[in-house]
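**Q** Once you've had a glance at the structure underneath, I'll fire off some questions.
The values are calculated or read from the model by the stated rules, or taken from the named source; none is laboratory data. What you see is a predicted model; the values in this text were computed from it and never measured. Cβ placement follows ideal geometry from the backbone for every residue including glycine, while neighbour counts extend to all protein chains displayed. We work out accessible area using only protein heavy atoms, side chains counted, and drop any ligands, DNA or RNA first. Shrake-Rupley method; radii C 1.70, N 1.55, O 1.52, S 1.80 Å.
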Amino acid sequence: MKKDLQFGSLCVHDFTKKINNHPHQLPIYATSSFAFENLEQGMDIFSGKKEGYLYSRYGNPTIETVADKIANLETFGLDIEAKCFLFSSGMAAISSLLMASVKSGDQILTQNNLYGGTTYFFQQILEPLGVETIFADFSNLENVKALLEKNKNIKMIYLESPANPTLACVDLQGVAVLAQSFDVKTAIDNTFCTPYLQQPFRFGIDFVIHSTTKFLNGHGNSISGAVIGRDIDFMLEKVWKVMKLIGTNSNAMDAWMLNNGMKTLELRMERHCKNADALAHFLQKNKKVAHVNYPSLESHPDYELAKKQMRGSGGMLSFELEGGFDSAVKFMERLQFCTIAPTLGDVDTLIVHPASMSHMNIPKAEREAVGITDGLIRVSVGIENVEDILRDVGEAI
Ligand SMILES: *Cc1c(COP(=O)(O)O)cnc(C)c1O
């Protein structure tokens, strides 16, 4: 056939060799659609009679391989099945799950100290669509129970644990049991932990969300998100439908970057925990540090709870500098080695001063109510040699 074609046609067509062995690495299927061998195959795949790919917004082999890996990690060691879909960002994952779960007139029960984007999504996107969000203190389950009794339209409890900026933890098992007794679904943003440190399904949570941009990728080179659910039918029908019809799907390139990062997840998480624990203890001894928030410190209010539901304390910590805003700004200016960047979970140590960066436009009283004080510094502790992190932070203080 090649002999009969003109120059331009040879440019356009690929004559893929049918080979008998597989590529060693996951191929990047940079294709919008999938061709059929013949009409019958196309009809069978379209009608669902046969498995197969159609169009990359619906599904793609690179993306699906990576999503299945995350589902396997979240259910590791558990006797349950789960389905995962990958999204274009953590926010796309969060919004798609909620679009699939609530409708006008429903209510969501959540906590005050969520990732900022999530709070804004609830207030600025869901609220005008008729979905009310109730913010509650989850350290008191009696209070949560009273709210569930009072608000009959709560359809979803949405959690983050540990949460910014104080690394406060929520009793996942306690909330899951309570939610089940009210026939309410539970979802958790597990970005800070990854399934290596915390498997929410173990405690009865229904949906797990990740900004895979962070620790799961670990190298800061792509944006993506994931939703994992144990109700397979709900995932295949409702969540997939939202992804497909709103177009919040991931792409093969970002999924591939994520997959590359996940190959070292266990090694990285062990090192993140070890370095963060060392930095937390180092900071605690410094007289210019008023307070350190890290779950493996006995001074942390959720020390026991974190030990029960997490395998390690993770790479995130925050601390309060004596001298407030001015000393925090000076500290940031003196850093030589650590990176100043508004993300987390990468291999390098990332430091932010929320009061002058991410939260600079939020009124002081409002940010202080969620723990963002003038002297608060947040650190995403990297996997470098810990001596270099301690020296840089110590000298900057
Ligand atoms: C970054 C982040 C998000 C949002 O994820 P994107 O990938 O940036 O959309 C959600 N939750 C948490 C905890 C995050 O850190």
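**Q** Here is a list: PHE76, PHE36, PHE85. Which entry is outside any loop (DSSP other than H, G, I, E, B) and either surrounded by 13 or more Cβ atoms within 10 Å (Cβ to Cβ) or assigned by TED's automatic domain parsing to the domain that holds LEU236 (or both)?
**A** Values: PHE76 fails: outside any loop (DSSP other than H, G, I, E, B); PHE36 fails: outside any loop (DSSP other than H, G, I, E, B).
Checking each option against the conditions leaves just PHE85.
**Q** Is one or more of the residues making up the range 331-343 within 30 Å of ALA136 (Cα to Cα), in contact with a Gly (Cβ under 8 Å, 6 or more places away or on another chain) and surrounded by 20 or more Cβ atoms within 10 Å (Cβ to Cβ)?
**A** Checked the range 331-343: no residue is within 30 Å of ALA136 (Cα to Cα), in contact with a Gly (Cβ under 8 Å, 6 or more places away or on another chain) and surrounded by 20 or more Cβ atoms within 10 Å (Cβ to Cβ).
**Q** Can you give me the number of residues within the range 211-231 that are part of a strand (DSSP E or B), touching a Ser or Thr at 6+ places or on another chain (Cβ under 9 Å) and either among the small types (Gly, Ala, Ser) or away from the ligand (no atom under 14 Å from the Cβ) (or both)? Quick ask: steps written out before the conclusion?
**A** Of the range 211-231, the ones part of a strand (DSSP E or B) are 211, 225-229.
Then drop every residue that is not touching a Ser or Thr at 6+ places or on another chain (Cβ under 9 Å), which leaves 211, 225-228.
Subset that is either among the small types (Gly, Ala, Ser) or away from the ligand (no atom under 14 Å from the Cβ) (or both): 211, 225-226, 228.
Selection size over the range 211-231: 4.
**Q** Same structure, new question: Report yes if some residue within the range 95-107 is under 19 Å from VAL370 (Cβ atoms), touching a strand residue (DSSP E or B) at 6+ places or on another chain (Cβ under 9 Å) and outside the structural domain of ILE362 (by TED's automatic domain parsing); otherwise report no. Before you say what the answer is, go through the steps one by one.
**A** First, pick out the residues of the range 95-107 that are under 19 Å from VAL370 (Cβ atoms): none.
No; the residues of the range 95-107 include none that is under 19 Å from VAL370 (Cβ atoms), touching a strand residue (DSSP E or B) at 6+ places or on another chain (Cβ under 9 Å) and outside the structural domain of ILE362 (by TED's automatic domain parsing).
**Q** Which one is farthest from the ligand (Cβ to nearest atom) among residues in the range 353-371 that are open to solvent by 10 Å² or more (accessible area, probe 1.4 Å) and aliphatic (A, V, I, L, M)?
**A** ALA365
**Q** A follow-up question, please. Here are some residues: PHE15, PHE46, PHE7. Which one is farther than 30 Å from LYS263 by Cα and open to solvent by less than 100 Å² (accessible area, probe 1.4 Å)?
**A** Details: PHE46 fails: open to solvent by less than 100 Å² (accessible area, probe 1.4 Å); PHE7 fails: open to solvent by less than 100 Å² (accessible area, probe 1.4 Å).
Result of the check over PHE15, PHE46, PHE7: PHE15.
**Q** Only one residue in THR16, THR75 is touching a helix residue (DSSP H, G or I) at 6+ places or on another chain (Cβ under 7 Å) and either at pLDDT below 95 or closer than 29 Å to THR248 by Cβ (or both), so which one is that?
**A** Numbers: THR16 fails: touching a helix residue (DSSP H, G or I) at 6+ places or on another chain (Cβ under 7 Å).
Just one listed residue meets the conditions, THR75.
**Q** Residues being outside any helix (DSSP H, G or I) and surrounded by fewer than 19 Cβ atoms within 10 Å (Cβ to Cβ): count how many of those fall in the range 380-396. Step through it out loud before you land on a result.
**A** The initial filter retains those residues of the range 380-396 that are outside any helix (DSSP H, G or I), namely 380-385.
Then keep just the ones that are surrounded by fewer than 19 Cβ atoms within 10 Å (Cβ to Cβ); that gives 384-385.
Looking only at that region, the number is 2.
**Q** Do any helices (runs of 4 or more DSSP H) entirely within the range 92-210 hold 3 or more residues that are over 22 Å from MET310 (Cα atoms), within 16 Å of the ligand (Cβ to nearest atom) and open to solvent by less than 30 Å² (accessible area, probe 1.4 Å), and if so, which?
**A** Numbers: elements: 116-120, 141-150, 172-181, 194-197.
Per the criteria, 116-120.
**Q** Looking at ALA100, ALA92, ALA168, ALA146, can you tell me which residue is within 14 Å of ILE209 (Cβ to Cβ) and either out of contact with any helix residue (DSSP H, G or I) (no Cβ under 8 Å at 6 or more places or on another chain) or of a type in the set (D, E, K, R) (or both)? If you could, list the steps in order and put the result at the bottom.
**A** Numbers: ALA100 fails: either out of contact with any helix residue (DSSP H, G or I) (no Cβ under 8 Å at 6 or more places or on another chain) or of a type in the set (D, E, K, R) (or both); ALA168 fails: within 14 Å of ILE209 (Cβ to Cβ); ALA146 fails: within 14 Å of ILE209 (Cβ to Cβ).
Only one candidate qualifies: ALA92.
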